[in-house]
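Q: For reference, the structure I am asking about is given below.
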Amino acid sequence: MTTSESSGSVVRRILLGSQLRKLRESQGITREAAGYSIRASESKISRMELGRVSFKTRDVEDLLTLYGIHRETEREALLGLAREANVAGWWHSYGDVLPSWFQTYVGLEGAASHIGIYEVQFVHGLLQTEGYAHAVVVRGQPTADPAEVERRVSLRMERQKLLFSERAPHFHAVLDEAALHRPYGDAEVMRGQLQHLVDLSEQPNVTLQVMPFRHGGHAGESGAFTVLRFPESDLPDVVYLEHLTGALYLDKPDEVAQYERVMGRLRADSLSPSGTRDLMRRLLQLA
């Protein structure tokens, strides 16, 4: 199974859930009534419509009947989408170290055509060297045993293959300058990380900018966030916000638009890509 196939299953879950929600609403059927028809709760219907759970063929068949979809061609199109949506992603093999709320993000990340991020605390996971990632994981999981740490680092390295894949997304990162100065690991690890950033910034699908200290206050006052855009025209942009014990996925157009405006201001106020490389090279000389 390719990365694009397994990541695409997440997108298909979201698309199918969106279609089911539209069909339900067009018939004026409540989530509670829909749940009753498939022997499930209202909250399960909500999770299905958000694409957060897998789909049982029988459930989809029963919902389509309830929503008045009887034409075989229309039913088969949606049932085929349900079958494709249940393809397991490559990241499921890391279920022992991958929180359930992050599995959705990994799938969306792999399916995106454009990933825009703003990061404050440290270098973003897709840009980390193995040594730097190891130091970040140890700092964040101080009680984890060595085997768990290695699994978490391995997962991060596997995710990074996305940037070099045949269908690599455009990745546009804005890093606060603090992320370049805050040490994770020893001096050798930091030098390796800075050089890695310089190298990655020269990749055609990677744009890297730094928000310099000298700019003072800026638009990213609310903290780190990610904006994901997809090639499917009927899939909305998604803003991903991570917190200590979970994450938020925002797809309402007005909320997404606010984050996209902030991202635009961050990019306008940050160092240019060439200016960013110059800064990182200077820091390398001092490291």
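The values are calculated or read from the model by the stated rules, or taken from the named source; none is laboratory data. Here the structure is a predicted model, which is why all the values come from computation and not from measurement. Please note: Cβ atoms are built from the backbone with ideal geometry, for glycine as well, and neighbour counts cover all protein chains shown. All accessible areas refer to the heavy atoms of the entire protein, side chains included, with ligands and DNA or RNA removed. Shrake-Rupley method; radii C 1.70, N 1.55, O 1.52, S 1.80 Å.
Q: Note down the nm distance, to one decimal, between modelled labels 7 Å out along Cα→Cβ at Asp62 and at Arg139.
A: 5.0
Q: Grab the Cα-Cα distance for Ala33 and Ser233, subtract it from 0.36 nm times how many residues apart they are, and report the gain in nm with one decimal.
A: 69.0 nm
Q: Hey, what's the Cα Rg ratio for the chain versus the globular rule of thumb, 2.2 N^0.38 Å?
A: 1.12
Q: Can you tell me the accessible area per residue over the range 105-145, all protein chains present, probe 1.4 angstrom, in square angstrom?
A: 33
Q: Something else: If the only charges are +1 at each Lys and Arg Cβ and -1 at each Asp and Glu Cβ, what is the size of the charge dipole of the range 42-100 around the Cα centre, to the nearest 20 debye?
A: Using only the charged Cβ atoms, the result is roughly 100 debye.
Q: Follow-up. Work from the charge dipole of the chain (Cβ charges, +1 for Lys and Arg, -1 for Asp and Glu, about the Cα centre) and give the residue of Met211, Ser154, Ser274 farthest towards its positive end.
A: About the Cα centre, the residue reaching furthest to the positive side is Met211.
Q: Here is a further query. What list of ³J(HN,Hα) couplings, whole Hz, do you get for the range 113-120 from phi and the Karplus terms 6.51, -1.76, 1.60, once you set θ to phi - 60° and write x for glycine and proline?
A: 9, 9, 10, x, 10, 10, 10, 10
Q: Further question on the same structure: Please report, as a whole percent, how much of the solvent-accessible surface of the range 220-272 comes from carbon and sulfur atoms (probe radius 1.4 Å).
A: Ligands and nucleic acids excluded, carbon and sulfur reach 50 percent.
Q: Something else now. How would you rank 100-106, 241-247, 272-278, 205-211, highest first, on the average number of other Cβ atoms within 10 Å across their residues? The partial results should precede the final answer.
A: Numbers: 100-106: 17.4, 241-247: 10.7, 272-278: 15.1, 205-211: 20.9.
Per-residue mean Cβ counts within 10 Å order the peptides as 205-211, 100-106, 272-278, 241-247.
Q: Using unit Cβ charges (K, R positive; D, E negative) and no other charged atoms, how large, in debye to the nearest 20, is the dipole of the chain about its Cα centre?
A: Charge dipole of the chain: 160 debye, to the nearest 20.
Q: Could you run the Karplus curve 6.51 cos²θ - 1.76 cosθ + 1.60 with θ = phi - 60° over the range 101-108 and give me ³J(HN,Hα) per residue in whole Hz, x for Gly and Pro?
A: 6, 8, 4, 4, 5, 4, x, 5
Q: How long is the gain from Glu242 to Gln121 if the chain were fully straight, where each residue apart is worth 0.36 nm and the alpha carbon distance is subtracted? Walk me through the numbers before you get to the answer.
A: Details: separation 121, 0.36 × 121 = 43.56 nm, distance 1.27 nm.
That works out to 42.3 nm of additional length.
Q: Compute the FRET efficiency between Ser54 and Ala168 as 1/(1 + (r/R0)^6), taking r as their Cβ-Cβ distance and R0 = 25 Å, and round to the nearest 0.05.
A: With a Förster radius of 25 Å, E is 0.35.
Q: Residue by residue through the range 184-194, what is 3J(HN,Hα) from phi via Karplus (6.51 cos²θ - 1.76 cosθ + 1.60, θ = phi - 60°)? Round to whole Hz and write x for glycine and proline.
A: With the stated coefficients, the range 184-194 comes to 10, x, 7, 4, 5, 4, 5, 5, x, 5, 4 Hz.
Q: Further question: Rounded to a whole number, what % of the accessible area of the range 42-152 do carbon and sulfur atoms account for, probe 1.4 Å? The partial results should precede the final answer.
A: Values: 2680 of 5130 Å².
About 52 percent, which is the carbon plus sulfur part of the accessible surface.
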